[in-house]
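J.: Attaching a single structure in structure tokens format; questions to follow.
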Protein chains: 2
Amino acid sequence: MGSSHLLKIRQESKIALPKIFDDITNVCFSSFLDKDYQTKEEIKKEFPLSYSDVFLEAKGSNGKHHPPLKVGVVLSGGQASGGHNVIIGIFDAIKKLNKDSSLIGFLNGPQGIFNHKYKELTEDHLHLYRNTGGFDLIGSGRDKIEKEEQLLSSLKIALDLNLDGIVIIGGDDSNTNAAILAEYFKSNKCHTKVVGVPKTIDGDLQNKYVDISFGFDTASKTYSELIGNIARDALSAKKYTHFIKLMGRTASHLALECALQVHPNLTFIGEEVALKKQSLKDLSKEITDLVIERYEKGKNFGIILLPEGLIEQMVDMNELIAALNHLLGTIDPGSFDQKQLIEHVTQHLNKSESETFKCLPPEIQKQLLLDRDPHGNVQVALIETEKLFIHLVQKNLREVSFKGKFSPIAHFFGYEGRAGFPTLFDATYCYSLGYAAAALIKEGMSSYMAAISGLSSNYESWKCYGIPLTSLMRFEIRKGKKKAVIEKALVNLKGKSFLTFSKLRESWREGDDYTFTGPIQFFSEIPDIQDVPKILNK
Amino acid sequence: MGSSHLLKIRQESKIALPKIFDDITNVCFSSFLDKDYQTKEEIKKEFPLSYSDVFLEAKGSNGKHHPPLKVGVVLSGGQASGGHNVIIGIFDAIKKLNKDSSLIGFLNGPQGIFNHKYKELTEDHLHLYRNTGGFDLIGSGRDKIEKEEQLLSSLKIALDLNLDGIVIIGGDDSNTNAAILAEYFKSNKCHTKVVGVPKTIDGDLQNKYVDISFGFDTASKTYSELIGNIARDALSAKKYTHFIKLMGRTASHLALECALQVHPNLTFIGEEVALKKQSLKDLSKEITDLVIERYEKGKNFGIILLPEGLIEQMVDMNELIAALNHLLGTIDPGSFDQKQLIEHVTQHLNKSESETFKCLPPEIQKQLLLDRDPHGNVQVALIETEKLFIHLVQKNLREVSFKGKFSPIAHFFGYEGRAGFPTLFDATYCYSLGYAAAALIKEGMSSYMAAISGLSSNYESWKCYGIPLTSLMRFEIRKGKKKAVIEKALVNLKGKSFLTFSKLRESWREGDDYTFTGPIQFFSEIPDIQDVPKILNK
């Protein structure tokens, strides 16, 4: 890794901590029942040993000498800025408890656990990663610990290394996996505790105690910077309409946050589109109308945000994708050339599906047919929604003999925002999450998610909770089977953030009220720790 | 325009000035002859009245009361961060000379001059634009003042408004246009002086006195941030090969700067490709070899930079594009459908051109045939070079039965970097350029480019020059005609920057020595004014 000015300064910057962690030896938890929470009997049957109705809140007690802890940590899934600070937080906390504590990093995701690939993490090595983005300290991966031999092999390494705990840093699926591992360890009388930490730029891991998952703030501020730059360019050049797709999987939290930050002319929220059963035709008409309206006001430019999940949330595309997944699952696509594949598909789709398919440009048809995941499913993240809409709007404009100019430009922002230097907020929040995970393990808690709450208030007064992982679970149908999983948090269409957005959006269509947030800042003139995502305050 | 934290702070931040401008009333110029410069007789014939061999350097003299100046300013061409500070620099300088001075902004580019669209710029309005990106204060445009009626109409407004000077902020073509206007004004005995300011993110307006054009620093730092973020993501996920195309027109300065900043695994420099007469096949083989080499070292990821100009600099693509421009110029493409167009084209290309055309994926063939500018030429900037190489590398890998995984991701960065908040360097440099332009007009100089030199040294000691625009010109063939134009500065393959790059690049192929520069900072811990582009120091 090369060194930059900013890297050196950030590596050497101390990270702030909430008061609750002033003396980690002093932290214990008080149990409480959440009066809004009702026991989930079915989940309890699935996790008989690790199920809990008991929530935990950290408090001070009389500090006492603590024996050394040996903890393992793993990064699971896509990158999110601040992951290194979570690990450093765990390290600093267990070292404060006892200088003989040690931290084992499992390499390249959960497979590092069951394949027994790991290394001990030491101060010498860690200090280069303080306040940095990326997961390159130990790598990450998307594997799950599911099969019996994987669980058994994970048990073996936990026992061989005599681990007091394993911290799984990941999203909803990875935390579901943490619950499975915790139950398995308990059922095998293994003393190793399993604790989850809520990570994902998508922001879809939220609940009463988790205001936001880490990485969301850095990602949304990075995208907002870029969208703002492009908006200012559009406002200056006055001739381009920018179609910007944003990462975020099914949930539109990132698009909503960026809309609240930058005020683009039009932003679709996938959850609303699904609720209203809007189609590809409806949305492309809405964009076309916007282009025409703006042209009539002398504005041949605009900014349109498209969340990644949108493609699956439009009613007709949703049907088409389901039909294609079914159809393509029954054949070996390798035995067809592209033309034959298109023929096969159009013959077997029903009338409305076939019409939807035919209105797509050839590149998108190809993406739907050829770019499939190992299970044969369409990879919706790879579909260029931004180009699809450009194609349809061009067609619509031709049909109404549009007299103005329409110069569309397509963008996709995703990878740019997953591994940048964490904002002061994410850096601080993540370090606290590391402390919270360490505190839970110290107190012998398993199948809990570490949570830091009250993020909109001053960081000194942030609170620390332990949430039973099972309390976050419900049954869903996955690959045809009923499975207990942690619920994905989608945009709440009755929530304050969405209502604020829906109240303001009409004025953004023509107002060009773009706000330029600029690059993320780390220094004193801007009190960035408290510069939290807008969706937190609304 | 909405307001952000950073916007407010930057609007209120004072801009530093070199010592030479401590008292603008005190600035005059000493003339000198550049001993390296030889009189250009042919250019002198073209610009008999405004041609000059005399260079100017600003110096102090006895300050004296100055009558008010009335100056017009126009932004010409694509956005570059800092343009607003140039305008504010002119305004502050002429107001210091005499509080009754005034500044007229011509709207939406040079057509604002000949169409007489303008507004007076006042302190009330300007302060919102201090230290901001974009050209939205007065807009910009790509028109030229060329035709007799346009020149005449420009003369009329200069006389009607009784302008002491017009400042044209633009790139090579816009400064060429400034020279034409200056000559025209002189030949019509008009007292209005014309001064150019070197603007362009592409960095292709450089000479002995202009170290770099403004906007280059902000653009290259914005792209470097993003490339670094993506590199850190690649290094963490260990499974993607990112193909990143960068704006910059023909010149590869931006790609070279970003390569020196971030150390990607492979960067093509268009000027080198042209010199070596490398083909599409050569370069796609070079990338394929890199993918295989890295796979053999267990590295299924990488970062590849492709300058925008590359597409035209590969010998076979250059021939093909020239042939297509010729062919498509002779027919009405509207009368052919896409299939007929492809047939027509393949029938009329020669054998090697036809082979090149056939190896392109359908999307690129379509871009070459359909996306043409008003003169019928292929719009090379719109060709997705990044996708073209992905297609060819996939093909190459299939042919050698590559066993590894190759997951390519395409990016294009351009608009993101043209209108962001200017770096402290660009903010300061631009404000000084505004002072320099005002000083030249005050001293009655016309057909000069304002230049600030010695940018690598402390800003306090920066020097101010006036360069005869005609001294930068040479004859080129444009649209079949010999025309006097300002020479575009391409990457010097014998210069220190390129030599540094070519010495290091071998180690970057496999070393993953990525440097993460992070977001642009504006505050005190990083002395950013002196954080100049790397290509300046090399």
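J.: What do you reckon, is residue B:79 free of Cβ contacts under 8 Å to residues at least 60 places away in the same chain and either within 14 Å of another protein chain (Cβ to nearest Cβ) or not charged (D, E, K, R) (or both)? Quick ask: steps written out before the conclusion?
T.: Values: free of Cβ contacts under 8 Å to residues at least 60 places away in the same chain: no; either within 14 Å of another protein chain (Cβ to nearest Cβ) or not charged (D, E, K, R) (or both): yes.
Criteria not met by residue B:79.
J.: While we're on this one: Going by the conditions given, is residue B:69 in contact with a helix residue (DSSP H, G or I) (Cβ under 7 Å, 6 or more places away or on another chain), away from chain A (no Cβ under 14 Å), within 26 Å of residue B:154 (Cα to Cα) and modelled with pLDDT of 95 or more?
T.: Numbers: in contact with a helix residue (DSSP H, G or I) (Cβ under 7 Å, 6 or more places away or on another chain): yes; away from chain A (no Cβ under 14 Å): yes; within 26 Å of residue B:154 (Cα to Cα): yes; modelled with pLDDT of 95 or more: yes.
Considered against the rule, which asks whether it is in contact with a helix residue (DSSP H, G or I) (Cβ under 7 Å, 6 or more places away or on another chain), away from chain A (no Cβ under 14 Å), within 26 Å of residue B:154 (Cα to Cα) and modelled with pLDDT of 95 or more, residue B:69 comes out as yes.
J.: Look through the range B:507-535, keep the residues that are over 24 Å from residue A:416 (Cα atoms), more than 7 Å from chain A (Cβ to nearest Cβ) and modelled with pLDDT under 70, and return whichever of them is surrounded by the most Cβ atoms within 10 Å (Cβ to Cβ).
T.: So in the range B:507-535, the residues over 24 Å from residue A:416 (Cα atoms) come out as B:507, B:524-525, B:527, B:529-530, B:535.
Within this subset, residues satisfying the condition of being more than 7 Å from chain A (Cβ to nearest Cβ) are B:507, B:527, B:529-530, B:535.
Now drop any that are not modelled with pLDDT under 70, which leaves B:527, B:529-530.
Details: B:527: 10, B:529: 19, B:530: 14.
Ranking the candidates gives B:529 first.
J.: Residues that are on the phi > 0 side of the Ramachandran plot, out of contact with any Phe, Trp or Tyr (no Cβ under 7 Å at 6 or more places or on another chain) and among the charged types (D, E, K, R): does the range A:435-452 have at least one?
T.: No, the range A:435-452 contains no residue that is on the phi > 0 side of the Ramachandran plot, out of contact with any Phe, Trp or Tyr (no Cβ under 7 Å at 6 or more places or on another chain) and among the charged types (D, E, K, R).
J.: Where in the range A:339-402 are the helices (runs of 4 or more DSSP H), entirely inside, with at least 3 residues that are of a type in the set (Ser, Thr, Tyr)? Steps first, please.
T.: Numbers: elements: A:351-358, A:362-370, A:385-399.
Once the helices (runs of 4 or more DSSP H) in the range A:339-402 are filtered for at least 3 residues that are of a type in the set (Ser, Thr, Tyr), what remains is A:351-358.
J.: Residue A:170 is checked against (1) away from chain B (no Cβ under 14 Å); (2) under 26 Å from residue A:416 (Cβ atoms); (3) in contact with a strand residue (DSSP E or B) (Cβ under 9 Å, 6 or more places away or on another chain); (4) small (Gly, Ala, Ser) and fails just one. What number does that condition carry?
T.: For residue A:170, the failing item is (1).
J.: So if I check each of A:320, A:305, A:327, which one is touching a helix residue (DSSP H, G or I) at 6+ places or on another chain (Cβ under 7 Å) and outside any helix (DSSP H, G or I)? Break it down stepwise before answering.
T.: On the way: A:320 fails: outside any helix (DSSP H, G or I); A:327 fails: outside any helix (DSSP H, G or I).
The match here is A:305.
J.: Among the listed residues A:131, A:162, identify the single one that is at positive phi, part of a loop (DSSP other than H, G, I, E, B), surrounded by fewer than 21 Cβ atoms within 10 Å (Cβ to Cβ) and assigned by TED's automatic domain parsing to the domain that holds residue A:466. Full working, then the answer.
T.: On the way: A:131 fails: surrounded by fewer than 21 Cβ atoms within 10 Å (Cβ to Cβ).
Sole residue among the options that is at positive phi, part of a loop (DSSP other than H, G, I, E, B), surrounded by fewer than 21 Cβ atoms within 10 Å (Cβ to Cβ) and assigned by TED's automatic domain parsing to the domain that holds residue A:466: A:162.
J.: Also: Would you be able to say whether some residue in the range B:472-487 is closer than 21 Å to residue B:202 by Cα, out of contact with any strand residue (DSSP E or B) (no Cβ under 6 Å at 6 or more places or on another chain) and surrounded by 17 or more Cβ atoms within 10 Å (Cβ to Cβ)?
T.: Looking through the range B:472-487, none of the residues is closer than 21 Å to residue B:202 by Cα, out of contact with any strand residue (DSSP E or B) (no Cβ under 6 Å at 6 or more places or on another chain) and surrounded by 17 or more Cβ atoms within 10 Å (Cβ to Cβ).
J.: Looking for something on the phi > 0 side of the Ramachandran plot and either touching a Lys or Arg at 6+ places or on another chain (Cβ under 7 Å) or in contact (Cβ under 8 Å) with a residue 12 or more places away in the chain (or both) - is there at least one such residue anywhere in the range B:349-369?
T.: Going through the range B:349-369, the residues on the phi > 0 side of the Ramachandran plot turn out to be none.
No, the range B:349-369 contains no residue that is on the phi > 0 side of the Ramachandran plot and either touching a Lys or Arg at 6+ places or on another chain (Cβ under 7 Å) or in contact (Cβ under 8 Å) with a residue 12 or more places away in the chain (or both).
J.: For residues in the range B:223-277 being surrounded by fewer than 24 Cβ atoms within 10 Å (Cβ to Cβ) and of a type in the set (Lys, Arg), which is nearest to the other protein chains (Cβ to nearest Cβ)?
T.: Among them, the one singled out is B:238.
J.: For residues that are within 15 Å of residue B:243 (Cα to Cα) and among the basic types (Lys, Arg), tally how many sit in the range B:273-288.
T.: Selection size over the range B:273-288: 1.
J.: Would you pick out the residues in the range A:178-222 that are within 14 Å of another protein chain (Cβ to nearest Cβ) and either assigned to a helix (DSSP H, G or I) or surrounded by fewer than 24 Cβ atoms within 10 Å (Cβ to Cβ) (or both)?
T.: Hits for the range A:178-222 are A:217, A:218, A:219, A:220, A:221, A:222.
J.: Here is a list: A:442, A:405. Which entry is charged (D, E, K, R), touching a residue at least 12 places away in the same chain (Cβ under 8 Å) and within 14 Å of chain B (Cβ to nearest Cβ)?
T.: On the way: A:442 fails: within 14 Å of chain B (Cβ to nearest Cβ).
Exactly one of A:442, A:405 is charged (D, E, K, R), touching a residue at least 12 places away in the same chain (Cβ under 8 Å) and within 14 Å of chain B (Cβ to nearest Cβ), namely A:405.
The values are calculated or read from the model by the stated rules, or taken from the named source; none is laboratory data. Only a predicted model underlies this, so the values are computations on that prediction, with no experimental measurement involved. Every residue, glycine among them, receives a Cβ derived from its backbone with ideal geometry; neighbour counts consider all protein chains shown.
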